[in-house]
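Asker: Questions regarding the structure given below will be posed in turn.
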Amino acid sequence: MYWTPLTLLFTIPTTEDEQKAAADSAKVEITHIAEELANNPSEFFSELLHKMLEFGLKVLVAIIIYAIGAWIIKMVKRWLEKNFSRKKADKTLGSFITSFVTIALTVLLIVIVIGTLGINTTSFAALLAAGGMAIGMALSGTVQNIAGGLMILLFKPFKVGDYIKAQGYEGYVTEVNIASTKIRTYANSIIVLPNGALFNGTIDNFTDKPYHRITWKVDVPYGTDAKKVRELLLKLADEEPKILNSKTKGVADPVVHLNELKDSSVELILWAWVKVEDYWPVLFKLNEEIYSFLPQNGVEFPFPQLDVHVNP
């Protein structure tokens, strides 16, 4: 008896002629099944049981293949991570390659599992190719993100471990994948940034260089001795051991400038260089010292003022 309902079920027609032929074959097969069921039910159910067992065996094999393949992919991912770590390779490159290899192996595993089930993978591939343009248009953003990931890998505007500010967020880069980059903020939140927008936007990399300049803005009332304020601010900077001076190559001594004449105050700025890892501790520490040290030495902070003149 020639009966192939499973073959018909998993054969995917790709052209109009093939669809018509499949429909005609289905009608013939249904008629043949009805005749077999009416004329010889015992043989029919025996064949049905045989086909079910055959298909069940394929499903079992497919499950085993998937389980083994998933385990192999997991081992490959761990091996790549350990290998990159042992060789002290660029973490950004290691993360990107590991992610790409994992996705590629997963797609290959799915194709193998589909073929094991008896599905015509050639027709399946042809169907994917036919819908490729629509899928490509739908996933244009994803393709852009993948391209952005490749550009990040090539030009390296940052690497894993750098502190960056981009797309309105800032934090430490923890992972660079094919399509996205993850950063960890000081609040310990994980922000996922798409690589396309990230590479095409502005990226402020705080840790690309070993030193960073801090700016403190200090407002004092009009009439305050600017020279005295300058001396006090420089004294604070000189007493802070983590602030660098011109003895360190590539940096300058702390300096104070009268920056702006505002409506209700005079603004002075203090510039000082520190190591990147000392940026936040020194910034917050001197904020507190400026707040307490200046008033102790007769320098007050201004409040907004508005003079109103009434004509009689």
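Just so you know, all these numbers are worked out from the coordinates, no wet-lab data involved. Fair warning: this is a prediction, and the values are worked out from it, not measured in the lab. No Cβ is skipped: glycine too gets one built from the backbone with ideal geometry, and neighbour counts run over all protein chains shown.
Asker: Based on the Cβ-Cβ distance of GLN305 and LYS88, what FRET efficiency does E = 1/(1 + (r/R0)^6) give at R0 = 41 Å, to the nearest 0.05?
Answerer: Efficiency, from the Cβ-Cβ distance: 0.10.
Asker: Another question, if that's okay. If you average the alpha carbon positions of the range 258-277 and of the range 139-175, how far apart do those two centres end up, in angstrom?
Answerer: 32
Asker: Moving on to the next point. So, R0 is 41 Å and r is the distance between the beta-carbons of SER264 and ALA187; what FRET efficiency does that work out to, to 0.05?
Answerer: E between SER264 and ALA187, to the nearest 0.05, is 0.75.
Asker: Further, regarding this structure: Which cross-chain or sequence-distant (5 or more) residues have an amide H under 5 Å from the amide H of GLU175, H modelled 1.01 Å from N in plane?
Answerer: The list, which skips near neighbours in sequence, is LYS182.
Asker: Let me ask something additional. Residue separation times 0.36 nm, minus the C-alpha to C-alpha distance between LYS165 and LEU234: what's the value?
Answerer: This chain segment gains 21.9 nm when fully extended.
Asker: Report ³J(HN,Hα) in whole Hz for each residue of the range 237-249, in order, from the Karplus equation J = 6.51 cos²θ - 1.76 cosθ + 1.60 where θ = phi - 60°; Gly and Pro get x.
Answerer: Calculated HN-Hα couplings, in order: 5, 5, 7, 8, x, 7, 7, 8, 9, 5, 5, 8, 5 Hz.
Asker: Another question, then. Got a sec to turn the phi values of the range 109-116 into Karplus ³J(HN,Hα) couplings, 6.51 cos²θ - 1.76 cosθ + 1.60 with θ = phi - 60°, whole Hz, x for Gly and Pro?
Answerer: These are the phi-based 3J(HN,Hα) values: 4, 4, 4, 5, 5, 4, x, 5 Hz.
Asker: As I understand it, the dipole of the range 211-296 uses +1 on the Cβ of Lys and Arg and -1 on the Cβ of Asp and Glu, about the Cα centre. Which of PRO295, TRP273, LEU233 lies farthest toward its positive end?
Answerer: So the residue furthest toward the plus end is TRP273.
Asker: Sequence-distant or interchain residues sharing an amide H contact under 5 Å with ASP253, placed H: which?
Answerer: SER246
Asker: Follow-up question, since we're still on this one. Can you run phi through the Karplus equation (6.51, -1.76, 1.60; θ = phi - 60°) for the range 56-64 and list ³J(HN,Hα) in whole Hz, with x for Gly and Pro?
Answerer: Running phi through 6.51 cos²θ - 1.76 cosθ + 1.60 with θ = phi - 60° gives x, 5, 5, 4, 4, 4, 4, 5, 5 Hz.
Asker: Hey, with R₀ at 41 Å, roughly what FRET efficiency would PHE100 and PHE55 work out to, going by the Cβ-Cβ distance, to 0.05?
Answerer: So, using R0 = 41 Å, E works out to roughly 0.70.
Asker: Strictly over 24 Å apart at the Cα level, which of LYS77/LYS159; LYS159/LYS285; LYS91/LYS182 would you flag in this model?
Answerer: In this structure, LYS159/LYS285 lie more than 24 Å apart at Cα.
Asker: Taking 7 Å along the Cα-to-C-beta vector as the label spot, tell me the VAL76-ASN200 distance in nanometres, rounded to one decimal.
Answerer: About 3.2 nm, to one decimal.
Asker: What is the distance, in nm, between label points placed 7 Å from the Cα along the Cα-to-Cβ direction at GLU289 and at LYS247?
Answerer: 1.6
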